[in-house]
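Report on one structure; see the data block that follows.
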Amino acid sequence: MAEYICGSEEEFVAKMNERAAGLGMQNTHFVNCNGLDVEGHLTTARDIALMSRELITTYPQIHDYCTIWMENITHKTKKGTTEFGLSNTNKLIRHYEYATGLKTGSTSKAKFCISATGRKNDMDMIAVIMAADDSKARNKDAVTLLNYGFGKCTKYCEEKIEKTDAVPVKRGVKKTVKAMQKETFVYVDTTGADLNSIERKVVLKKEVKAPVKQGDKVGEAKYYLDGAEIGSVDILTVEEVKEISYKSAMGDTLKKYLL
């Protein structure tokens, strides 16, 4: 696959390292594309978690594949066709009710590793175990971490996007521009705080100067818990407003007189 995509394994590995750097995997360096032991081929649990997060958020369909427990594989060659069965090496898929994936691995140096994902109460968790002595140990530690995360974390999801006041426009063909919060606010708490006490405050620009493009930022919805800011969401324009011209100004003047 590496040779097909990039022409050579070396070029493919260079792309792997470039992508890893882009994801913030600061302590990762790939030497090959198969993950087998070789000098200088290194990563960390945190970096694997970053890579796993990118995979499940950008390509959520991966769960459709990594949650399959057993599958029959048909292998076709010039010599004929053979069929054999494969079972998932991630035993959590069958034995842990919240498991959603993701990937196991083991080598003589790395020992037994797993990036385990789980979902409970609409909240996703990633647990990365490396250098376990055997597969049972890695599974046990992964379940311990996932259960700890689910027990420690509480998720707050804003039910709907509140309406936002229009923002005044200076030198525009319209006096105001409509705006809306970009998305609902989501927050994960680890302190046990009462998330029902979260407060929302909208901060808008006093005015914007035309021309205004659709999608321009005109403010923020800020969220507070016990007086401390815990996050914000941009408020964006949902329409464009062109700058007033001599022709449009004359038209407005005529309308006033005619009316």
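Assorted remarks:
- Kyte-Doolittle mean at least -0.5 and Cα axial length at least 15 Å: DSSP H helices in the chain: 45-58
- Kirkwood hydrodynamic radius over Cα pairs of the range 112-162, then Stokes diffusion coefficient at 25 °C and 0.890 mPa s, in µm²/s: 202 µm²/s
- In the complete set of protein chains, residue-level accessible area for THR144 is approximately 80 Å², probe 1.4 angstrom.
- Cβ-Cβ FRET estimate between ALA49 and THR144, R0 fixed at 22 Å, reported to 0.05: 0.90
- Accessible surface computed residue by residue for the chain, with neighbouring protein chains in place and a 1.4 Å probe, gives 69 Å² per residue.
- One way to sum up the overall shape of the chain is the equivalent ellipsoid from its Cα gyration tensor, whose semi-axes run 51, 26, 18 Å, largest first.
- In this simple spin-label approximation, LYS170 and SER135 carry label points 7 Å from Cα along the Cα→Cβ vector, and these lie 6.8 nm apart.
- Working from Cα pairs under 8 Å separated by at least six residues, relative contact order for the range 103-144 is 35 percent.
- Surface composition of the range 1-89: carbon plus sulfur atoms contribute 55% of the solvent-accessible area (1.4 Å probe, protein chains only, all chains present).
- D_trans [Stokes-Einstein, Kirkwood Rh over alpha-carbon pairs] for the range 109-227, 4 °C, 1.567 mPa s, µm² s⁻¹: 71 µm²/s
- Where GLU3, GLU159, GLU183 fall by accessible area, highest first, once all protein chains stay in place (1.4 Å): GLU159, GLU3, GLU183
- Globularity ratio of the range 57-160, using Cα Rg and 2.2 N^0.38 Å: 1.30
The values are calculated or read from the model by the stated rules, or taken from the named source; none is laboratory data. Source: prediction; values computed, not measured. Heads up, the Cβs are rebuilt from the backbone with ideal geometry, glycines too, and the neighbour counts pull from every protein chain shown. Heads up: the accessible areas ignore ligands, DNA and RNA and are worked out on the full protein's heavy atoms, side chains in. Shrake-Rupley method; radii C 1.70, N 1.55, O 1.52, S 1.80 Å.
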